[in-house]
Amino acid sequence: MSYQNILVEEENEILYITIDRPSKLNALNRDTIQELHEAFSEAKDDNEVKVIILTGSGEKAFVAGADISEFADFSPEEGKQLAAEGHAKLFDFVANFPKPVIAAVNGFALGGGLELAMAAHFRVASENAKMGLPEVSLGVIPGYGGTQRLSQIVGKGRAMEMIMTAGMIDANQALQYNLVNHVTTQEELLEFTEKLAGKILNNSLVAIEGAIKAINASYEKGVNGFEVEMNEFGKAFGTEDFKEGTSAFLNKRKAEFPGK
Ligand code: COA
């Protein structure tokens, strides 16, 4: 499929999805969200794709937010609809994606940009990255999961401060806050992220899918994460990957997971 606002490239079982509107600091307009939805939907069904790395074009930004020019004259109903559509197409879709999604944060990750990075399963940042949820400086609040995911990741007090001050933190502070797992130079960001993806690729992706579900369940109100874990644990025993993983271990050889 051809896209106008994103670049999609697969290499060695890793799909690189790059948001590509550098002149607008990769701001997420409606078309970009739709294209991201399509690219992720295709990746879900593509057996060649095992891990996704999400990043931004250019050296300045991952994503500088939702495209402010698109919603400046929205009514309350339209605002709510915008958030609901965004969750369904992108933010919840990515958070619950069955294959690992790593955000390689290569610059500004603000507003919807940080919300997208937080919807990814984990984050690696380059030293020049700057992160924040500045929505209250525009008279609105984060609407793509920011109030929920930021407090889950960095804790309530830090989330309150970041959202109330509308400030930005740099990559090292984000590391201290556990908002990103690693910080690299800008030149090394993708290579470093690829190495992490490579480690993931050695493992059973069916088991990883179950683990994603179980980990996410612990953040869902009204869902018993331990029960989800038990079910996913049980299901794993019925997979070919489990047979291969255990027999490879017992025969002292490297596992070759069929991914089923
Ligand atoms: N929505 C729409 N356009 C955006 C944007 C956004 N979230 N963020 C940046 N842009 C556009 C700018 O309007 C500008 O476009 P122009 O050249 O046509 O005028 C272009 O991207 C470059 O941005 P600019 O502001 O000139 O770059 P800068 O280096 O001076 O500042 C930022 C960088 C990130 C500090 C600044 O762009 C900014 O504050 N962006 C908005 C961040 C935000 O509030 N995001 C949350 C949205 S809910």
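Anything in the stretch 103-113 that is within 13 Å of the ligand (Cβ to nearest atom) and either of a type in the set (Val, Ile, Thr) or out of contact with any Ser or Thr (no Cβ under 9 Å at 6 or more places or on another chain) (or both)? List them, or say none. Within the stretch 103-113, 108, 109, 110, 111, 112, 113 meet the criteria. Against the conditions (1) part of a loop (DSSP other than H, G, I, E, B); (2) under 19 Å from the mean Cα position of the chain (by Cα), residue 193 satisfies every one except (1). Based on what the data block shows, is residue 44 touching a Pro at 6+ places or on another chain (Cβ under 8 Å) and either within 11 Å of the ligand (Cβ to nearest atom) or of a type outside the set (A, V, I, L, M) (or both)? Answer is yes for this residue. Only residues that are closer than 18 Å to residue 172 by Cα and either in contact with a strand residue (DSSP E or B) (Cβ under 8 Å, 6 or more places away or on another chain) or not assigned by TED's automatic domain parsing to the domain that holds residue 50 (or both) were counted across the stretch 119-129, and they come to 7.
Taking the stretch 114-141 as the range and being near the ligand (Cβ under 9 Å from one of its atoms) and not in a helix (DSSP H, G or I) as the test, the residues that pass are 130, 132, 133, 134, 140. Restricting the stretch 142-176 to residues that are among the polar types (S, T, N, Q) and touching a helix residue (DSSP H, G or I) at 6+ places or on another chain (Cβ under 8 Å) leaves a set whose member that is nearest to the ligand (Cβ to nearest atom) is 147.
Condition check for residue 119 on (1) of a type outside the set (Val, Ile, Thr); (2) touching a Phe, Trp or Tyr at 6+ places or on another chain (Cβ under 8 Å); (3) touching a residue at least 40 places away in the same chain (Cβ under 8 Å): one failure, at (3). The set of residues in the stretch 77-98 that are closer than 24 Å to residue 232 by Cα and in contact with a helix residue (DSSP H, G or I) (Cβ under 7 Å, 6 or more places away or on another chain) comprises 91, 93, 94, 95, 96, 97, 98.
For the stretch 228-260, the set of residues classified as modelled with pLDDT of 95 or more and among the small types (Gly, Ala, Ser) consists of 234, 236, 238, 245, 247, 248, 255, listed by residue number. Across the stretch 47-62, the number of residues qualifying as more than 8 Å from the ligand (Cβ to nearest atom), closer than 18 Å to residue 113 by Cα and of a type in the set (A, V, I, L, M) comes to 3.
Of all residues in the stretch 74-98, exactly one satisfies the criterion of being in a loop (DSSP other than H, G, I, E, B) and either within 14 Å of the ligand (Cβ to nearest atom) or not assigned by TED's automatic domain parsing to the domain that holds residue 120 (or both), namely 74.
When every residue of the stretch 11-31 is checked against the conditions, none turns out to be more than 12 Å from the ligand (Cβ to nearest atom), in contact (Cβ under 8 Å) with a residue 60 or more places away in the chain, on the phi < 0 side of the Ramachandran plot and outside any strand (DSSP E or B).
Does residue 156 satisfy the criteria of being at positive phi and loosely packed, with under 13 Cβ neighbours inside 10 Å? No; evaluated as a whole, the condition is false for this residue. Cβ-Cβ distance below 7 Å, separation of 6 or more or different chains: which pairs start in the stretch 199-218 with a residue that is more than 20 Å from residue 45 (Cα to Cα) and end on one that is of a type in the set (D, E, K, R)? Note: pairs meeting the criteria are 214/229; 214/232.
In the stretch 81-98, the residues that are more than 18 Å from residue 65 (Cβ to Cβ) and touching a residue at least 60 places away in the same chain (Cβ under 8 Å) form Cβ pairs under 7 Å with partners that are among the polar types (S, T, N, Q) and in a helix (DSSP H, G or I), at six or more places apart or across chains, as follows: 95/216; 96/216.
The values are calculated or read from the model by the stated rules, or taken from the named source; none is laboratory data. As the structure is a computational prediction, the values presented were derived from the model and not from experiment. Heads up, the Cβs are rebuilt from the backbone with ideal geometry, glycines too, and the neighbour counts pull from every protein chain shown.
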